[in-house]
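Asks: Please find one structure pasted underneath; my questions will follow.
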Amino acid sequence: MKAKIRILDMFSGRYTVLINEEDAKEAKLHPDDLVKIEAGKKAVYGSVALSNLVEKGEVGISRDILDLHNFSEGETVSVIPAGTPESVRYIKKKMRGEKLRKVEIESIVRDIVDRKLRDIEISSFVTALEINGLDMDEIAALTIAMAETGDMLDIDRKPIMDVHSIGGVPGNKTNILVVPIVAAAGLTIPKTSSRAITSAAGTADVVEVFANVSFSLDEIKRIVEKVGACLVWGGALNLAPADDITIKAERALSIDPTGLMLASIMSKKYAMGSQYVLIDIPTGKGVKVETVEEARSLARDFIELGKRLGQYVEVAITYGGQPIGHTVGPALEAREALSALMTGRGPGSLIEKATGLAGILLEMGGVAPAGTGKKMAKEILESGKAWEKMKEIIEAQGGDSNIKPEEIPIGDKTYTFTAATSGYVTAIDNRAITAIARAAGAPEDKGAGIELYVKVGEKVKEGDPLFTIHAEHEARLDQAIVLARRTEPIRIEGMVLQRIGNI
Ligand SMILES: O=P(O)(O)OC[C@H]1O[C@H](OP(=O)(O)O)[C@H](O)[C@@H]1O
Ligand SMILES: O=c1cc[nH]c(=O)[nH]1
């Protein structure tokens, strides 16, 4: 059917196409049908919504479509019903636990990027991966397909370093310190991050508090050639475009299937042209990888995948048994990260992890002799050189480098939990902390989250403050308080764990 474009002032998170009800009846189109909008060489796929918001002979398109496709108001297009894409057959193959061939994986990724596959089919694919997994051949094919369906960056400054955490641990603002430390040593590190997947704040969500994170690839090239680093959101770019789409499904289900995680991370590193990649695998109770054995196996997968992509990969297995630092949530984590960079001091877990990872990168990049990297990283941090570099990155990304961490706005609706008994903190439940911070509104509400006053092993007296929940809305605070009461995220035990009498 022929129709005139009407640009609708709406973002729906998917390619929505509004069809007038009468036209739909004639064209036998129903809600959520897939249609192809075509004008000459231009073609885009969208999901049908019926509405009389558009007149007969008009087709309404949401602004999501305009991000990557230039249709103009009043333009005449053809609206063609599109059948179920071929790739759905391959998704069902994976549901049955069968191995996918390279071309079948490429077909799925292509259809995800072309928006031929919609939320329902993408969630089914992610679920099938969660249940049946992928072998290394499939992961390599998925990684390269994800990278090659998007733009690739070609940065001149070599060697190009990169660091990426598999995530999962609350408060993991580590790489916001690692990147400026490594760049301050003269190495190039074009860091891309995703937004939160299972946590209450992804690194992109945190950095967005004090700088822009959405850039085109050309802008990133300019920033990195100028200051040697960046801290940007992978999802804004046409960089491995399937990644942010599948991450949306992962976030909805709060899962991160191993094979998809490997491909998601390494596709971004491959697209950035990174040559030396350090992967951080937080390991412990309540994170994605619970045992060192599992972490070592995943490490081998990352190293093997790197080999197939021509990238040198090292892996750091790090302590993930409790939150990193004292803050969880975008604005609270931004305060802590910037303060640590500015003063060179901060919570032990944050400083130790950041200088540990940065130290490895300094050795991988050849600027620190083996075994001296962590010491050099500490000097770069304590000397203020890392902060100088961070100010350059913030400026280059359109932020205000005169920022004062304590002036970063945080949620002013607060509630503080105190210790019910004296004793020692024996555990902090990562999943509960993340759930409470998300109930309080993080990461969408930047100021929402949790401020921790204690960590595992510390002694507390009855009545001591344990943590404060921050929210931007009373209703969210109330929800978070209820959840905190139910889950009791911080366990305190006297040293007498049990008394066994003459029973
Ligand atoms: O913790 P969850 O939300 O599951 O994983 C997502 C987080 O892990 C990675 O961290 P980094 O960018 O390497 O610092 C991603 O980029 C993202 O920030
Ligand atoms: O970027 C990331 C980080 C963790 N898991 C993913 O799938 N992607």
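The numbers here are math on the coordinates, done by the rules we state, and not lab data. Not measured: the values here are computed from a predicted model. Positions of Cβ are backbone-derived with ideal geometry, glycine not excepted, and every protein chain shown enters the neighbour counts.
Asks: Going by C-beta contacts inside 10 Å, put Asp244, Asp154 in order with the fewest on the left.
Replies: Lowest count first: Asp154, Asp244.
Asks: A further question on this structure: Please give the contour-minus-distance gain from Lys56 to Arg89: 0.36 nm per residue of separation, less the Cα-Cα distance, rounded to one decimal in nm.
Replies: 8.4 nm is the gain from fully extending Lys56 to Arg89.
Asks: Would you calculate the separation in nanometres between label points at Glu458 and Glu382, each defined as 7 Å from the Cα along the Cα-to-beta-carbon direction?
Replies: In this crude spin-label approximation the distance works out to 2.3 nm.
Asks: Provide the three semi-axes, in whole Å and in decreasing order, of the ellipsoid equivalent to region 18-91 as defined by the square roots of 5 times the Cα gyration tensor eigenvalues.
Replies: 20, 17, 11
Asks: Compute log10 of I(q)/I(0) for region 72-213 with the Debye formula, placing one identical point scatterer on every Cα and leaving out solvent, at q = 0.14, 0.19, 0.20 Å⁻¹, to two decimals.
Replies: Debye output, listed in q order: -0.91, -1.17, -1.21.
Asks: While we're looking at this one, here's another question. Report the rotationally averaged projected area of region 329-402 based on its alpha-carbon convex hull, in square nanometres.
Replies: Approximately 5.3 nm², given one-decimal rounding.
Asks: Stick to the Cα atoms of the chain, pair each with every other, and give me the Kirkwood hydrodynamic radius in Å at one decimal.
Replies: Across the chain, the inverse of the average 1/r is 24.2 Å.
Asks: What's the exposure ranking of Thr372, Thr318, Thr283, going from fewest to most Cβ atoms within 10 Å?
Replies: Neighbour counts put them in this order, fewest first: Thr372, Thr318, Thr283.
Asks: If you average over every viewing direction, what projected area does the convex hull of the Cα atoms of region 183-262 give, in nm²?
Replies: 5.8
Asks: In addition: I need two numbers for region 248-348: Rg to one decimal and Dmax as a whole number, Cα atoms only, in Å.
Replies: Just the Cα atoms of region 248-348 yield Rg and Dmax of 15.5, 41 Å.
Asks: Given a cut-off of under 8 Å on Cα pairs at least six residues apart, what relative contact order in percent is computed for the chain?
Replies: 13
Asks: Note the full-extension length gain between Thr421 and Met495 as 0.36 nm times their separation in residues minus their Cα-Cα distance, in nm to one decimal.
Replies: 25.5 nm
Asks: Based only on other Cβ atoms within 10 Å, what is the fewest-to-most ordering of His164, His326, His473?
Replies: Listing His164, His326, His473 from fewest to most nearby Cβ atoms yields His473, His326, His164.
Asks: Further question on the same structure: About its Cα centre, what dipole magnitude does the chain give when the only charges are +1 on Lys and Arg Cβ and -1 on Asp and Glu Cβ, stated in debye to the nearest 20?
Replies: Dipole about the Cα centre, nearest 20: 900 debye.
Asks: Okay, moving on. Taking region 172-329 as the region of interest, what is the percent of Cα-Cα pairs per 5 angstrom bin, listed from the shortest bin to the one with the maximum distance?
Replies: Answer for region 172-329: a P(r) of 2, 9, 17, 22, 24, 17, 8, 2, 0 percent.
Asks: Okay, moving on. Which values of log₁₀ I(q)/I(0), to two decimal places, follow from the Debye formula for region 413-493 at q = 0.20, 0.25 Å⁻¹ with a uniform point scatterer at every Cα?
Replies: -0.80, -1.13
Asks: Need the full-extension length gain, Arg157 to Lys307, defined as separation in residues times 0.36 nm minus the C-alpha distance. One decimal, nm.
Replies: Stretched fully, the Arg157-Lys307 segment lengthens by 51.8 nm.
Asks: Grab the other residues whose beta carbon is less than 13 angstrom from that of Ile5, score K and R as +1, D and E as -1, and report the net.
Replies: 0
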